[in-house]
Amino acid sequence: MITGEQKPLEEIKGFLTNGRKVLVVGCGTCVTVCFAGGEKEAQILAASLRMSTKLGGDPKEVSDVTVQRQCEWEYLDVIEKEVQEADIIVSLACGIGVQAMAKHFPEKWVVPGLNTNFLGLPEEQGIWTEQCQACGDCILALTGGICPIARCAKQLLNGPCGGSENGLCEVKRVKKDGGIPVMETDARGRQRPVMEDVECAWHLIHERLSSLGKLDLLMEVQPPKDWSSSRDGGPRRIVREDLLLLDEG
Amino acid sequence: MTDQAATNGYKSGSNLEKVLRAGHFAVTGELGPPQNADGDHIREKAGLLRGFVDAVNITDNQTAVVRMSSIGAAIIAIQEGLEPVMQMTCRDRNRLAMQADFLSAYALGIKNMLALTGDHQSFGNHPTAKNVHDVDSLQLLGMLRDLRDEKKFDCGDPIKECEPRFFVGAAAAPEAGPTEWRPYRLAKKVSAGADFIQTQLVYNVDAFKKYMEEVRKLGLHEKVFILVGVGPLKGPGMARYMRDFVPGISMPDHIIDRMTKAATGIPKEEKQARRDAWRAEGIQVCIELMQEVREIKGVAGVHVMAIEWEEAVESIVEGAGMLPRPVVE
Ligand code: SF4
Ligand code: SF4
């Protein structure tokens, strides 16, 4: 699924200066499942924006609506009326939904209410982890179903690097809660972000292939990857001739 | 014209290659370029190393901090009469930039190249940078080998004349995880094209001996020159830091104890005297490590990393009985 986290309220408010009527549009698919941009979050954001702009002395008229999927035209047609009445649309969908809205309603100003994060897995209640970078040429058959493109900090195809120790990557991650870095005070009284450990993907790959008796897969030197199938080749497109709606003329 | 004839059957004809192929126990050093544009900085450091090492590694934006480029600093080293081992990481360049720099480096007289993954940018002074990692260190080794032996670019296009002929090196981290995989990773680096290996700093000789046992079982010591990384400690604090924070370094307690005891009896106020005592002990420990690893079968040399302490190199190499350095014609 696509994961996202809501932007800070102040940032979203900053997008609203040039309009009075604001429509918050939620999306009923991925971002609902990760509690970032579904119906409930759209309602809460709309209420917060109403309250906060009122307190700030520049009250906005904020309403909300949620569609099943913001990335499909047919669902966007349904909210045509609400959209036309608004000056600014805050989309709580992923980046795909925001762009779909902007394309479908070309005369409307559409802004993102989320930061779209990654293609991830709900690991456990409240925790999502990145699993795939949509590189367009899946190598999971070589790595025992663990993706080094998404999960190794250096995207190595022949890992692990010298920074792997006790199963952990040398690269730590800033600990965040709801998108906001968790801070601590260090010995000298300075504020600094709390860092947390990250598993070394190549350690995991080694462990898994070893337990399945398939370490020979790792002995082969993998050649440089063809990144042209990934985003490096420019925006990608899938065309399925068999599915195209043929003109029946 | 290719340079193959000019290299007399050597892959590159570098001093390091000649010393190793002649069967001498090699000594390489390390020189970190400055975080400014001062060429004299390199010249001064070169003066501290010249004559005491067979070649010197020029680091490439080491610890992901912006410095004078390894290619630029390597050229100054050559001007100063020091043979460089130019380092190149996969962090900052894609395959186009890498190969372009190989052509330039070779044209400018650089003959040894070390292929590294590179420290992650989050450790350096531009943590918000995008990293490249178009190829990894093994693929980079293959690229260097093919440029030289197959006379072709990574894409397969032939190099019509004057291919870059480097003596190709790689790093190894025997103590990094998973340790049981490390000898096999070395095997992969050898099959990818490494001519020589420089290891991460070794302090735990017992652990390193076990690693070398596995390396010998795989026959790798006969296919690649292995130079063991050693470095003088400046004090017990540095030893503890390495133990606690540097991945891939195993620091035994007895070395930490030795470093601590070095200043026993010297009052805390006498900072300079304590510092000198620690440093003298650090040099002594380093010398002993060099002598110990020299006895391990399959070890072809040492790589002395005296980080920001190049002054120590002469006494270390001399103390280990490795001076004068051989001259191979
Ligand atoms: S190899 Fe590519 S497609 Fe497969 S999981 Fe990784 S990023 Fe996704
Ligand atoms: S430690 Fe592991 S996950 Fe981290 S960069 Fe190295 S190989 Fe990749």
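Which one is modelled with the lowest pLDDT among residues in region B:35-86 that are open to solvent by 20 Å² or more (accessible area, probe 1.4 Å) and hydroxyl-bearing (Ser, Thr, Tyr)?
Out of the qualifying residues, it is B:Thr63.
Would you check if B:Gly124 is at positive phi and touching a helix residue (DSSP H, G or I) at 6+ places or on another chain (Cβ under 9 Å)?
Values: at positive phi: no; touching a helix residue (DSSP H, G or I) at 6+ places or on another chain (Cβ under 9 Å): yes.
It is false that B:Gly124 is at positive phi and touching a helix residue (DSSP H, G or I) at 6+ places or on another chain (Cβ under 9 Å).
Can you name the residue in region B:247-273 that is more than 14 Å from every other protein chain (Cβ to nearest Cβ) and among the hydroxyl-bearing types (Ser, Thr, Tyr) and is also nearest to ligand 2 (Cβ to nearest atom) among such residues?
So in region B:247-273, the residues more than 14 Å from every other protein chain (Cβ to nearest Cβ) come out as B:252-273.
Checking which are among the hydroxyl-bearing types (Ser, Thr, Tyr) leaves us with B:260, B:264.
Details: B:Thr260: 31, B:Thr264: 38 Å.
If we take residues in region B:247-273 being more than 14 Å from every other protein chain (Cβ to nearest Cβ) and among the hydroxyl-bearing types (Ser, Thr, Tyr), then B:Thr260 is nearest to ligand 2 (Cβ to nearest atom).
Provide a single number: the residues in region A:194-214 that are open to solvent by 50 Å² or more (accessible area, probe 1.4 Å) and either within 10 Å of chain B (Cβ to nearest Cβ) or within 25 Å of A:Glu5 (Cβ to Cβ) (or both). Don't jump to the end; show me each part of the working.
Initially, region A:194-214 is screened for residues open to solvent by 50 Å² or more (accessible area, probe 1.4 Å), giving A:195-197, A:199, A:207-208, A:210-214.
Retained after the next criterion (residues that are either within 10 Å of chain B (Cβ to nearest Cβ) or within 25 Å of A:Glu5 (Cβ to Cβ) (or both)): A:195-197, A:199, A:207, A:210.
Residues in region A:194-214 being open to solvent by 50 Å² or more (accessible area, probe 1.4 Å) and either within 10 Å of chain B (Cβ to nearest Cβ) or within 25 Å of A:Glu5 (Cβ to Cβ) (or both): 6 in total.
Here is a check on your reading of the model: is A:Pro160 more than 16 Å from ligand 2 (Cβ to nearest atom), outside any helix (DSSP H, G or I) and not polar (S, T, N, Q)? If you could, list the steps in order and put the result at the bottom.
Values: more than 16 Å from ligand 2 (Cβ to nearest atom): no; outside any helix (DSSP H, G or I): yes; not polar (S, T, N, Q): yes.
It is false that A:Pro160 is more than 16 Å from ligand 2 (Cβ to nearest atom), outside any helix (DSSP H, G or I) and not polar (S, T, N, Q).
When you scan region B:145-158, how many residues do you find that are assigned to a loop (DSSP other than H, G, I, E, B), surrounded by 15 or more Cβ atoms within 10 Å (Cβ to Cβ) and within 14 Å of chain A (Cβ to nearest Cβ)? Steps first, answer last, please.
The initial filter retains those residues of region B:145-158 that are assigned to a loop (DSSP other than H, G, I, E, B), namely B:151, B:153-157.
From the residues that got through so far, the ones that are surrounded by 15 or more Cβ atoms within 10 Å (Cβ to Cβ) too are B:151, B:153-154.
From the residues that got through so far, the ones that are within 14 Å of chain A (Cβ to nearest Cβ) too are B:153-154.
The number of residues fulfilling the criteria is 2.
Filter region B:89-144 for residues that are touching a Gly at 6+ places or on another chain (Cβ under 6 Å) and within 11 Å of another protein chain (Cβ to nearest Cβ); which is nearest to B:Ile159 (Cα to Cα)?
B:Gly142
Given B:Tyr211, B:Tyr203, B:Tyr241, which one is surrounded by fewer than 18 Cβ atoms within 10 Å (Cβ to Cβ) and more than 23 Å from B:Asn112 (Cβ to Cβ)? Steps first, please.
Numbers: B:Tyr211 fails: surrounded by fewer than 18 Cβ atoms within 10 Å (Cβ to Cβ); B:Tyr203 fails: surrounded by fewer than 18 Cβ atoms within 10 Å (Cβ to Cβ).
Unique residue meeting the criteria: B:Tyr241.
Quick one: which of A:Gly120, A:Gly95, A:Gly163, A:Gly126 is within 14 Å of another protein chain (Cβ to nearest Cβ) and among the small types (Gly, Ala, Ser)?
Numbers: A:Gly120 fails: within 14 Å of another protein chain (Cβ to nearest Cβ); A:Gly95 fails: within 14 Å of another protein chain (Cβ to nearest Cβ); A:Gly126 fails: within 14 Å of another protein chain (Cβ to nearest Cβ).
The unique qualifying residue is A:Gly163.
Just the residues that are surrounded by fewer than 18 Cβ atoms within 10 Å (Cβ to Cβ) and out of contact with any strand residue (DSSP E or B) (no Cβ under 6 Å at 6 or more places or on another chain), please, taken from region A:40-60.
A:Lys40, A:Ile44, A:Ala47, A:Ser48, A:Met51, A:Ser52, A:Lys54, A:Leu55, A:Gly56, A:Gly57, A:Asp58, A:Pro59
Search region B:188-203 for residues being within 30 Å of B:Ala239 (Cα to Cα) and not in a strand (DSSP E or B), and hand back the single one that is nearest to the other protein chains (Cβ to nearest Cβ). Explain how you work it out, then say what you get.
In the first step, residues of region B:188-203 are kept if they are within 30 Å of B:Ala239 (Cα to Cα); the result is B:189, B:196-203.
Among the residues that remain, those that are also not in a strand (DSSP E or B) are: B:189, B:202-203.
Values: B:Lys189: 9, B:Val202: 13, B:Tyr203: 15 Å.
Per the criteria, the residue is B:Lys189.
Check region A:206-213 and report whether any residue there is closer than 30 Å to B:Glu180 by Cα and within 16 Å of ligand 1 (Cβ to nearest atom). Spell out how you get there, then give the answer.
Taking region A:206-213 as the starting set, the residues that turn out to be closer than 30 Å to B:Glu180 by Cα are A:206-213.
From what's left, within 16 Å of ligand 1 (Cβ to nearest atom): A:208-209.
Among the residues of region A:206-213, at least one is closer than 30 Å to B:Glu180 by Cα and within 16 Å of ligand 1 (Cβ to nearest atom), which makes the answer yes.
Here's a check for you: in region B:300-312, which residue that is part of a strand (DSSP E or B) and of a type in the set (A, V, I, L, M) is most open to solvent (accessible area, probe 1.4 Å)? Spell out how you get there, then give the answer.
So in region B:300-312, the residues part of a strand (DSSP E or B) come out as B:300-304.
Now drop any that are not of a type in the set (A, V, I, L, M), which leaves B:300, B:302, B:304.
Values: B:Ala300: 18, B:Val302: 0, B:Val304: 1 Å².
Among them, the one singled out is B:Ala300.
Being farther than 21 Å from A:Asp232 by Cα, touching a Cys at 6+ places or on another chain (Cβ under 9 Å), open to solvent by 10 Å² or more (accessible area, probe 1.4 Å) and of a type outside the set (S, T, N, Q) is true for just one of B:Leu116, B:Leu108. Which residue is that? Please lay out each step first, then the result.
Numbers: B:Leu108 fails: touching a Cys at 6+ places or on another chain (Cβ under 9 Å).
One residue alone meets the criteria, B:Leu116.
So A:Leu142 ticks every box in (1) out of contact with any strand residue (DSSP E or B) (no Cβ under 8 Å at 6 or more places or on another chain); (2) open to solvent by 50 Å² or more (accessible area, probe 1.4 Å); (3) without any contact (Cβ under 8 Å) to a residue 40 or more places away in the chain but one. Which box is left unticked?
(3)
Please count how many residues of region B:271-299 are closer than 21 Å to B:Leu49 by Cβ, open to solvent by less than 20 Å² (accessible area, probe 1.4 Å) and out of contact with any Ser or Thr (no Cβ under 9 Å at 6 or more places or on another chain).
6
Restrict the check to region B:227-238 and report whether at least one residue is surrounded by fewer than 16 Cβ atoms within 10 Å (Cβ to Cβ), in contact (Cβ under 8 Å) with a residue 12 or more places away in the chain and not polar (S, T, N, Q). Spell out how you get there, then give the answer.
Of region B:227-238, the ones surrounded by fewer than 16 Cβ atoms within 10 Å (Cβ to Cβ) are B:237.
Cutting the leftovers down to in contact (Cβ under 8 Å) with a residue 12 or more places away in the chain gives us none.
No, region B:227-238 has no match at all.
Taking helices (runs of 4 or more DSSP H) that do not extend beyond region A:4-94, which have at least 1 residues that are among the hydrophobic types (A, V, I, L, M, F, W, C) and within 19 Å of A:Asn117 (Cβ to Cβ)?
Numbers: elements: A:9-14, A:30-33, A:39-55, A:73-77, A:80-85.
It comes to A:9-14, A:30-33, A:39-55.
The values are calculated or read from the model by the stated rules, or taken from the named source; none is laboratory data. None of these values were measured; they are calculated from a predicted model. Quick reminder, even Gly has a Cβ in these numbers, built from the backbone with ideal geometry, and neighbours come from all protein chains shown. Just so you know, the surface numbers come from the protein's heavy atoms only, side chains and all, with ligands and any DNA or RNA stripped out. Shrake-Rupley method; radii C 1.70, N 1.55, O 1.52, S 1.80 Å.
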